Amino acid sequence: MDWQEIAVVGAGTMGAGITADLLFHGYKNIWLIDISLSQLERARKDIEHALRFYPLIAPNLAKVDANEALQQVSFTTQLNKIHRCDAVIENITEKVTVKQDLYQKMDEICKPDTCFIANTSCISITAIAAFTSRMDQVIGIHFMNPAALKSTVELIAGVHTNQDTIQKAERFLSELGKSFVSVGDFPGFVSNRISHLFMNEAAFAVQDRLAEPAQIDKIFRECFGHKLGPLETADLIGLDVVADSLDILFESYHDSKYRCCLLYTSPSPR
Ligand code: NAD
């Protein structure tokens, strides 16, 4: 393992899922960081749940003792604990200014050879790397949700990412038993540039009263053979994350096709 001590920053859906994945694959010395204590508490429960139940539905995952594995994770709100880490996997809120503030702080705290892995849905890796003085050691790994159950990720090198960082990221993914598809560094990469159009248009179809949400999902599952319909996918991701991602795609491409359907931002859609 190139990375003996790893920090996961952001303990929401993805941070908790990736921490569970690290534990399934024998990683030790993990820092899980969030600004919210209640999110850290929730993450502890989610990780424990994943460790206990995922091996029942995914036999490729090693059975681990949940209590023992959780001893390897330090849950904290103190970002400066990451100063010795070899790699940081960032999973915080999908807002450019929020990420900028964090990357600038991490750049000051971390040792010079720490790699930064951005698990962003839509923000360009080159743009994120520019918030640091180590643009060559920043790389994107777009994990899928739930991280431990998904076998493939998008791997995104920014314009300045060096070969050493790319190779370390590839070895890391192989240790997690994941394959990857290397894609270009444009906002949304491949998966979200396309899938968010589906999810957004499905919400517009609900708004226009073409069909009920369940009917739209049924068409995608039963006519197209998708595992989840577009609205179920949006629910799995989190409607706030979908809305943030659409806003980034809209701002990045200046293309009205990414204007976010208001149903994603209103608290009570129907
Ligand atoms: P989430 O809202 O569940 O979690 C985000 C967490 O970040 C929250 O717990 C929040 O308290 C924390 N946070 C915010 N600012 C912070 C800071 N400065 N320092 C530490 N913690 C901070 O979101 P999520 O769904 O886990 O998504 C996180 C990232 O992963 C986003 O960039 C998102 O686009 C990306 N992503 C999401 C999915 C998905 O399916 N949800 C899939 C792939 C990538």
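Could you tell me which residue of segment 223-260 is least open to solvent (accessible area, probe 1.4 Å), considering only residues that are polar (S, T, N, Q) and more than 14 Å from PHE198 (Cα to Cα)?
Start the filter on segment 223-260 by keeping residues that are polar (S, T, N, Q), which leaves 233, 245, 252, 256.
Still in the running and more than 14 Å from PHE198 (Cα to Cα): 252, 256.
Numbers: SER252: 54, SER256: 73 Å².
Per the criteria, the residue is SER252.
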Q: Filter segment 103-115 down to the residues that are under 14 Å from LYS81 (Cα atoms) and touching a strand residue (DSSP E or B) at 6+ places or on another chain (Cβ under 9 Å), then identify the one that is nearest to the ligand (Cβ to nearest atom).
A: MET106
Q) Only one residue in GLY184, GLY177, GLY225, GLY188 is over 26 Å from ASP21 (Cα atoms) and either assigned to a loop (DSSP other than H, G, I, E, B) or not charged (D, E, K, R) (or both), so which one is that? A) GLY225
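Could you please let me know if THR77 is of a type in the set (S, T, N, Q), open to solvent by less than 80 Å² (accessible area, probe 1.4 Å) and within 24 Å of PHE189 (Cα to Cα)? Show your work before the answer.
Values: of a type in the set (S, T, N, Q): yes; open to solvent by less than 80 Å² (accessible area, probe 1.4 Å): yes; within 24 Å of PHE189 (Cα to Cα): no.
No.
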Q.
Can you find a residue that is more than 17 Å from VAL138 (Cβ to Cβ), in a loop (DSSP other than H, G, I, E, B) and touching a residue at least 60 places away in the same chain (Cβ under 8 Å) anywhere in segment 198-209?
A. no
Q: Name every residue in segment 142-174 that is out of contact with any Ser or Thr (no Cβ under 9 Å at 6 or more places or on another chain) and outside any helix (DSSP H, G or I), in order of residue number.
A: PHE143, LYS150, ASN162
Q | Residue list for segment 6-28, restricted to those being open to solvent by 10 Å² or more (accessible area, probe 1.4 Å) and among the β-branched types (Val, Ile, Thr) | A | THR13
Q: Return yes when SER121 is crowded, with 16+ Cβ neighbours inside 10 Å, within 15 Å of the ligand (Cβ to nearest atom) and not in a helix (DSSP H, G or I) and no when it is not.
A: yes
Q: State whether one or more residues within segment 194-210 are closer than 20 Å to ALA129 by Cα and either over 19 Å from the mean Cα position of the chain (by Cα) or polar (S, T, N, Q) (or both).
A: no
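The values are calculated or read from the model by the stated rules, or taken from the named source; none is laboratory data. Because the structure is predicted, anything quoted here is derived from the model rather than measured. Cβ sites come from the backbone with ideal geometry, for glycine too, and all protein chains shown count toward neighbours. Calculation scope for accessible area: heavy atoms of the full protein, side chains included, ligands and nucleic acids excluded. Shrake-Rupley method; radii C 1.70, N 1.55, O 1.52, S 1.80 Å.
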